[in-house]
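J.: Quick one: this structure, given as structure tokens, is what I'll be asking you about.
The values are calculated or read from the model by the stated rules, or taken from the named source; none is laboratory data. Because the structure is predicted, anything quoted here is derived from the model rather than measured. Here the Cβ is made from the backbone with ideal geometry for all residues, glycine too, and neighbour counts use every protein chain on show. SASA here: full protein model, heavy atoms, side chains in, ligands and nucleic acids out. Shrake-Rupley method; radii C 1.70, N 1.55, O 1.52, S 1.80 Å.
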Amino acid sequence: MSEKHSGFEVQASQRQSWLSIAAVWAGGMICVPCLMIGGVLSGGGLSLAEIVISILIGYGLICVYMIFIGMQACDTGLPVSVMASGALGEKGARYVISTLIAIACVGWFGIQSATCGQAFATMIAPLLGIEASSGFVAVCSIIWGVIMLATACAGFKGLKWLNYIAVPLLVIVCLYGLIAGIVTNDGGTAIAAYAPETSSGLVFGISMVVASFALGGVISADYCRFAKSRADVVKSSIVGVMPAGLFMLLTGALMSIVTGQYDISAILVSLGVPILGLIALVLATWTTNVTNAYSGGLALSNLLGFDESKFKITTGIAGAIGTLLAAFGLLNAFQGFLSLMSALIPPLAGVIIAAYWITGKGKKENFHFSPGFSAAGLIAFIVGLALVYGGTTAFVVITLLCGYMLYHSNFRKKEKQTATQSRKEATNEDIIHSLREEVCTTMESATKIYDRTLIAVMMENRKELRNMVKESNDLFYQSRERKYTLLPTLKQLQSGDVNTAHYYVQVVDYLNEMTKALMHITRPAFEHIDNNHEGLSKAQAKDLMSINDDVESIYRRINQMLREGDFSDIEEVLTLRDQLFESIAEAIKSELCRINEAKVNTKASMLYLTILNETKNMVLQSRNLLKSQEYFLKHRTGPTTWIVSSKK
């Protein structure tokens, strides 16, 4: 997996039991829309056997892609809006997917809060002896919106405990309503006599079941990332979705057959127990709606460029806006738009699964954040949308396009193989030249980033530090890409050139480790200032500036040697390196004394010591890289100079 940290990763201490995750899924399934889908299935003329089969197959299909997405989330610790960066690129995930999820989830959160407030006001107004006016409905909607938002802002733990309490209560209330409704309305006879003349078929039933939880399957990553293992993802998905889904859809279907309506809360009111009806409606809306706010908040944080530390703020603001708009009826006009936004998200599942499980072979170490937009991922996503929603015309067009691409690829295959073969004849010098240029450029960039980072952290310049994090990440990805393509490159080298191959492997590894050390300096520095911790003391700043001067001196000599291919002064670099290490050791001792005397802030000390240790690692890897090149020049066969280029 990429060494880049998004700020959304779940740590080992945050992992939860699979029962906790299953409880969240069960709470999401026990809702009025699931009862409605059950009513739609019976209204479509499906027999009870067909309804059961449709439910099992439909939710079975959802569980399959939930498990694949959930296992990836468990591996990476990331929510879906961030995890999509591997398939669509960072900008694609941020500006496309995060926007869709944020608008859809937050919008539906507001509408569901308003629905709950409407029902609550209608039921509670007669008990208070007042009229359920629009103002009273708006107040109730806002109250319940705030309550649900508070639960969502508590994070996964809030969802977990809500569902631990609410799910058993909902099951009991729904069972009571189901049994009482059947007994009161002579339901046994109605169910026994239920034999629809025409059926819409299993395809209709399965499609309705899948549509009822398609979005939930995609955002499963937001919750499965807390699982302790892949096995826990499988257990939580199946146990959380299948039993609850079967129970709720069958309840809705049976209620529709017996009473002509699926809403259990309305049935409980008609039976003279409005309090139970109110409990059922509120809890069913609550357990489902908090997942809207939670996932919407995560997506909005990613969209705005925040990490999860700002999740409560973004969730609270977005949820409050959604609740207020819905409470005053403004979101009702946009329900069609929100439905469209929700419908655009499920095709994302295929792209994410393909990128991780097919391209990345399901291995965590193969997952990495793709910078910018990923053209392949976005095209695949658009094709998926076209196939699902574009109808026959889109299907024909895409089929023809795929056929053309396949033909074009095969037609030019032999030509490409011939060109590749001819390139291999002179590939050694080209590969070394390319690597040398990358090493020189990387070393020069690292020097600038290191210097600017130390200055920015002392000036507490958050914007500059954010830029340094981005630049160091980009530098690391470039060297990381070399490491990922190591074997194909070695195969291109002329057979028998062991010295060149050995040198190439060493340099790639040292370059990767050097850029990683630099990234481990920039990221903690930014996080320290971004979290408004106390800045460095004058003594710490003075020591770091002295260290910075020594590092700059060493890197200037290293860069000059790399550019000119002249290593006559390498012993001087080694001497400077040893002096730098002694200075770092003295700086660490001084800091430990300041800590013992309580003269420094703990957070600032941790950052200071981190910078010193990673500086040592960075310079050490740079020295190893230089030494590796000198060794290569002494022992390679053929020319004794390394492709001398024009000096810059």
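J.: Out of residues 5 or more away from Gln16 or on other chains, whose amide H comes under 5 Å of its own, with H placed 1.01 Å from N in the peptide plane?
T.: Ala227, Lys228
J.: Then there's this: Run the dipole for segment 61-217 about the Cα centre, Lys and Arg Cβ at +1, Asp and Glu Cβ at -1, nothing else charged, and hand back the magnitude in debye, nearest 20.
T.: Values: 4 positive and 5 negative charges, 97 e Å.
In total the dipole reaches around 460 debye.
J.: Might you work out the accessible area of Lys470 for me, using a 1.4 Å probe with all protein chains in place, and round it to the nearest 10 Å²?
T.: 130 Å²
J.: Pulled fully out, how much extra length does the chain show between Glu552 and Lys599, if you take 0.36 nm times their separation in residues and subtract their Cα-Cα distance?
T.: Values: separation 47, 0.36 × 47 = 16.92 nm, distance 2.93 nm.
Extra length available between Glu552 and Lys599 comes to 14.0 nm.
J.: Moving on. May I ask you to list the residues of segment 43-69 whose amide nitrogen lies under 14 Å from a point 7 Å from Cα along the Cα→beta-carbon direction of Trp357?
T.: The answer is 60-69, whose backbone nitrogens lie closer than 14 Å to the label point.
J.: Once a ≥ b ≥ c are taken as the square roots of the eigenvalues of the Cα gyration tensor of segment 1-140, is the result rounded (a/c under 1.5), prolate (a/b larger than b/c) or oblate (a/b not larger than b/c)?
T.: Oblate is the answer for segment 1-140, as a/c is 1.5 or above yet b/c matches or exceeds a/b.
J.: Right, something else. Ala49 to Ala125: extension gain in nm, 0.36 nm per residue of separation minus the Cα-Cα distance? Please report the intermediate quantities before stating the final value.
T.: Numbers: separation 76, 0.36 × 76 = 27.36 nm, distance 4.19 nm.
23.2 nm is the gain from fully extending Ala49 to Ala125.
J.: Here is a follow-up. How large is Rg/Rh for segment 87-217, to two decimals, with Cα atoms and a Kirkwood Rh?
T.: Working: Rg = 20.6 Å, Rh = 19.2 Å.
Value, to two decimals: 1.07.
J.: Once you put a point 7 Å from the Cα of Ala150 and another 7 Å from the Cα of Ala539, both along the Cβ direction, what distance in nm separates them?
T.: For Ala150 paired with Ala539, the spin-label model returns 4.7 nm.
J.: Taking Lys603 as the anchor, which aspartates and glutamates have their alpha carbon closer than 12 Å to its alpha carbon, excluding any fewer than eight residues away along the same chain?
T.: Glu527, Glu534
J.: Between Arg230 and Ser568, take the C-beta separation as r, use R0 = 56 Å, and let me know the FRET efficiency to the nearest 0.05.
T.: Numbers: r = 56 Å, r/R0 = 0.99.
The value I calculate is 0.50.
J.: Turning to a different aspect of this structure: With labels modelled as points extended 7 Å from the Cα through the Cβ direction, what inter-label distance (nm, one decimal) is found for Leu592 paired with Thr184?
T.: 7.6 nm
J.: Same structure, new question: Round to the nearest 0.05 the FRET efficiency obtained for Ala320 and Ile382 when R0 = 45 Å and r is the Cβ-Cβ distance. Intermediate results must be reported in sequence, preceding the final value.
T.: On the way: r = 34 Å, r/R0 = 0.75.
E(calc), rounded to 0.05, equals 0.85.
J.: So, taking all protein chains as they sit and a 1.4 Å probe, how much accessible area belongs to Arg452, in Å² rounded to tens?
T.: Rounded to the nearest 10, that gives 90 Å².
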